[in-house]
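The next block holds one structure in the form of structure tokens; read it before the comments.
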Amino acid sequence: MIRGYAESDSPGPALLVHRQMLAAAVPPDTHTYPFLLKACAKLMALREGEKVHSLSVKNGLETCVFVQNTLVHFYASCGLFECAYKVFEGMDERNLVTWNSIINGFAINGRPNEALTLFREMSPEDSGVKPDGFTIVSLLCACAEIGALALGRRAHLYLVKVGLYGNVHVENALIDLYAKCGSIKEAYRVFNEMASKTVVSWTSLIVGLAVNGFGKEALELFSAMERERLVPTEITLVGVLYACSHCGLVDEGFKYFNRMKNEYNIVPKIEHYGCMVDLLGRAGLVEQAHDYVMNMPLEPNAVVWRTLLGACAMHKRLDLGNVAWARLVVLDPGHSGDYVLLSNLYAAVGRWGEVHRLRRSMLKGGVRKMPGHSLVELGNRVHEFVMGDRSHSWSDEIYKMLEEIANKLRLEGYVPRTTNVLADIEEEEKETALNYHSERLAIAFALLNSAPGVPIRIVKNLRVCADCHLVTKLISKVYDREIVVRDRSRFHHFRDGSCSCKDYW
DNA sequence: ATAGGGTTAG
């Protein structure tokens, strides 16, 4: 019974059956807990799972490798990777599933480096197990997260060698890896070489194209998918709507939205409505975007209001920006990104007094701007840079390089755009603050340490500011370098002084 | 009979 429910789409009753089992004093065996924990993992039922954990200890079944493996999986899927690791650490016997569960646990919980470290520890000599398709998918997922393209390529070579090329899950993960590393060409190659594609393969590439700024291609690919008579999922449609909004295709976006409902019977989720708000707002139809938010059938969440606030900042609509802000301070107070957006809006309309007032209220409320950090992979290492950081061993050279860059750009007629600096500091200091934004440190370091002609790839945790965007465009021209920046919201492919986002991000 | 994988708006 428990197994039946655990493996179904609605595993809830598995927990009820377990309670009846306890009431009837039926002794559990080593099969009971794995199924129960599987149900708890699906339901994200943390409390219930912890209870199962202590029951397994009480019944002396916690040394069973099956129970422990599901415990690792359960904790990881609830986001408690420390608990997962504690179970993993305490295990006397580990098998391939154990390793895969813990590596995947770190990979899906935003701990790519731990995932990679564990993968290295998993060598057959140490653990007696050999990575399989599951392991590789988690590994590729971790590489994708930190934009470790070279490492991902090595994993690609490796998995071809061990005969995993042809495993559709692995190939889908490769498409996602290359797309998330900004290398659409390689993503396409994997896609084209696939013997049998699933909807996920198509969706991964459509989303990948869209976020990389190739909206038209994403829509073409969607048409090709329809011609193959494949049925898109709600995720496919997110990609399609995203492509429309980032290309300014308002009418097209509405057409797809309606087709999603009528042709594919997909009930739009908050994500889809969010895309529609972005579609209108980005295109400058801020009033309509606001009406859309007010009339949507789902309760608008913080992300939706944030999208509207972003549109207001983009198009200098202080009135509606205040409306969005009023909702955001209720729905998601203390979100530093919202302060940044509002401050940029105030600055854009010249309300400097308000900028300072906001800054003070941030300080008073203890709202800290999230520190920007950027990653860049060179050779076998991923280097991390934090804004203004001087702890890197190459620090002196990097700052010298930044000076050189600044001088060269000034000759190109560059003037820093300081309006978006969220700080009550003097103009000259603002320039300095900008000059040390983390992506600039990363770019300078990469210019110093890579051969001409090799594209530089940066992964940033925040969105790039207008000034860094301009500077990166100029660097791409002055240093004749392709620079790919993946920021919080999308990709920027800088080449010869311009960006694939067409300054629309 | 028992455990693990891919794509999601700003």
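Add +1 for every Lys or Arg and -1 for every Asp or Glu among the other residues with Cβ under 14 Å from the Cβ of residue A:298, and state the total.
It works out to a net charge of -1.
Taking the C-alpha atoms only, the angle from helix A:234-247 to the longest principal axis of chain A is near 10 degrees. With a simple spin-label model that places each label point 7 Å from the Cα along the Cα-to-Cβ direction, the separation between residue A:26 and residue A:395 comes to 6.4 nm.
With a cut-off of 15 Å on the backbone N, the residues of the range A:115-144 near the modelled label site 7 Å out from residue A:198 along Cα-Cβ are A:133-138.
Here the residues A:505, A:352, A:202, ranked from fewest to most Cβ neighbours within 10 Å of their Cβ, fall in the order A:352, A:505, A:202. Taking all Cα pairs closer than 8 Å and separated by 6 or more residues, the relative contact order of the range A:373-499 comes to 27 percent. Proximity of backbone amide H atoms, modeled 1.01 Å from N, is registered between residue A:456 and A:482, A:483, A:484 at under 5 Å, excluding neighbours fewer than 5 places apart on the same chain. Taken one residue at a time, the phi angles of the range A:170-175 give Karplus couplings (6.51, -1.76, 1.60, θ = phi - 60°) of 5, 5, 4, 5, 5, 4 Hz. Gly and Pro are set to x.
The GluC sites (Glu not before Pro) of the range A:1-102 that DSSP puts in a loop, and whose beta carbon has at most 16 other beta carbons within 10 Å, are A:7, A:93. Among A:143, A:312, the order by Cβ neighbours within 10 angstrom, fewest to most, reads A:312, A:143.
So, counting K/R as plus one and D/E as minus one, what does the shell of residues with Cβ under 13 Å around residue A:377 add up to?
Net charge in that neighbourhood comes out at +4.
Derived scalar couplings between HN and Hα for the range A:312-322 equal 5, 5, 5, 10, 6, 9, 4, 4, 6, x, 5 Hz in order, rounded to whole Hz, by the Karplus curve 6.51 cos²θ - 1.76 cosθ + 1.60 (θ = phi - 60°), x for Gly and Pro. Going from the fewest other Cβ atoms within 10 Å to the most, the residues A:238, A:304, A:329 appear in the order A:329, A:238, A:304. The magnitude of the dipole of the range A:373-499, with charges of +1 and -1 set on the Cβ of Lys/Arg and Asp/Glu and taken from the Cα centre, is near 620 debye. Where only DSSP H runs of four or more residues are counted, chain A gives -20000 deg cm²/dmol as its mean residue ellipticity at 222 nm, each run worth -39500 (n - 2.57). The GluC sites (Glu not before Pro) of the range A:178-259 that meet both conditions, a loop assignment by DSSP and at most 15 other Cβ atoms within 10 Å of the site Cβ, are A:228.
Just how large is the dipole of chain A about the Cα centre, in debye to the nearest 20, putting +1 at every Lys and Arg Cβ and -1 at every Asp and Glu Cβ? Spell out each step's value before the answer.
Values: 57 positive and 58 negative charges, 95 e Å.
With Lys and Arg at +1 and Asp and Glu at -1, about 460 debye.
Once the Cα atoms are used to define both axes, helix A:336-348 deviates from the longest principal axis of chain A by about 20 degrees. Judged by the gyration tensor of its Cα atoms, with axes a ≥ b ≥ c, the range A:373-499 is rounded; a/c sits under the 1.5 cut. Taking amide H atoms as placed 1.01 Å from N in the peptide plane, the amide H of residue A:383 lies under 5 Å from those of A:376, A:377, A:378, each 5 or more residues away in sequence or on another chain. The angle between the Cα long axis of helix A:199-211 and the longest principal axis of the Cα atoms of chain A comes to about 20 degrees, rounded to the nearest 10. Of the trypsin sites (Lys or Arg not before Pro) found in the range A:269-371, the ones in coil according to DSSP and having at most 16 other Cβ atoms within 10 Å of their Cβ are A:269, A:316, A:351, A:368, A:369. Rounded, prolate or oblate for the range A:151-219? Axes are the square roots of the Cα gyration tensor eigenvalues, ordered a ≥ b ≥ c, and the cut-off for rounded is a/c under 1.5. Cα axes put the range A:151-219 in the oblate bin. Assuming a ≥ b ≥ c are the square roots of the Cα gyration tensor eigenvalues, decide whether chain A counts as rounded (a/c under 1.5), prolate (otherwise, with a/b larger than b/c) or oblate. Verdict is prolate for chain A. Backbone amide hydrogens, once placed in the peptide plane, bring residue A:213 within less than 5 Å of A:491, excluding anything fewer than 5 places away on its chain.
What list of ³J(HN,Hα) couplings, whole Hz, do you get for the range A:102-107 from phi and the Karplus terms 6.51, -1.76, 1.60, once you set θ to phi - 60° and write x for glycine and proline? Once rounded to whole Hz, the list reads 6, 5, 5, x, 6, 4.
Each value in this text was obtained by applying a stated rule to the coordinates, not by laboratory testing. This one's a predicted model, so the numbers in the text were calculated from it and none came from an experiment. Cβ: placed from backbone, ideal geometry, glycine included. Neighbour counts: every protein chain shown.
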